């Protein structure tokens, strides 16, 4: 299961109002300083996607990414040093300093 914090869901809903896409795609791609990077973008459901609805937001995840993202919580951080969506992933064994890449 992938979950959203209240603030992340609120931000996503507000951003989706002006989009043609119906939800948000959460994915994992190879790369980054720790091995894998997170990807978050507006998208529509594709064949084979797992669809998770949390707090009124549809999250689309391909099968491979789902294995790495199970149990992850997506948050929204708005601070002096960082603003944007962040992933809290219990499967990550190591993360980089910026929090945008991880290894398992």
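Most simply put, region 3-94 has about 85% antiparallel DSSP beta bridges, counting only bridges with both residues inside it. A protection proxy built from the mean count of other Cβ atoms within 10 Å ranks the segments 59-69, 14-24, most packed first, as 59-69, 14-24.
Based on Cα contacts under 8 Å between residues 6+ apart, region 3-94 shows a relative contact order of 29 percent.
If you take the square roots of the eigenvalues of the alpha-carbon gyration tensor of region 3-94 and sort them as a ≥ b ≥ c, do you get rounded (a/c under 1.5), prolate (a/b over b/c) or oblate? It comes out oblate by the Cα gyration axes.
No lab work stands behind these numbers, since they all come straight from the coordinates. Not measured: the values here are computed from a predicted model. A quick note on method: Cβ atoms are made from the backbone with ideal geometry, for glycine too, and the neighbour counts reach across all protein chains shown.
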